[in-house]
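For reference, the structure is listed below as structure tokens.
The values are calculated or read from the model by the stated rules, or taken from the named source; none is laboratory data. Keep in mind it's a predicted model, so treat the numbers as computed, not measured. Here the Cβ positions follow ideal geometry from the backbone for every residue, glycine too, while neighbour counts run over all protein chains shown.
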Amino acid sequence: MTMPREESNRAIITVLGLDQIGIIAWVSGRLAEYRVNILDISQTILNEFFTMIMVVDLEPATLELVVLARELEEEANEKGLQVKVQHEDIFTFMHRI
């Protein structure tokens, strides 16, 4: 008999766009303001395109996932970036083989 899996409090944040100064500072600063803990981060620049994936802990956060997603996505649009925030369980389900 399998035990039900406890729901994760983690999310996956992806950032894409033309490279510009301050992207990591902006995202990490906003997450710090909302008390979202960065657990892991990977970023690279392919030609002039910036890409970043973050795994974050939402447990100490001061706002809900949907509000965080909306805030980051709206601000990113103003900066010419694309940001997606997905709950880890949804991300894992969508990307499983």
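Tabulated values for the structure
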item	result
Within region 31-47, tally of residues that are at pLDDT 95 or above and either over 11 Å from the mean Cα position of the chain (by Cα) or hydroxyl-bearing (Ser, Thr, Tyr) (or both)	8
Residues within region 14-52 that are of a type in the set (S, T, N, Q) and either in contact with a Pro (Cβ under 8 Å, 6 or more places away or on another chain) or surrounded by 11 or more Cβ atoms within 10 Å (Cβ to Cβ) (or both), tallied	6
Matching residues, region 37-52, being of a type in the set (A, V, I, L, M, F, W, C) and closer than 12 Å to residue 24 by Cβ	38, 41, 45, 50, 52
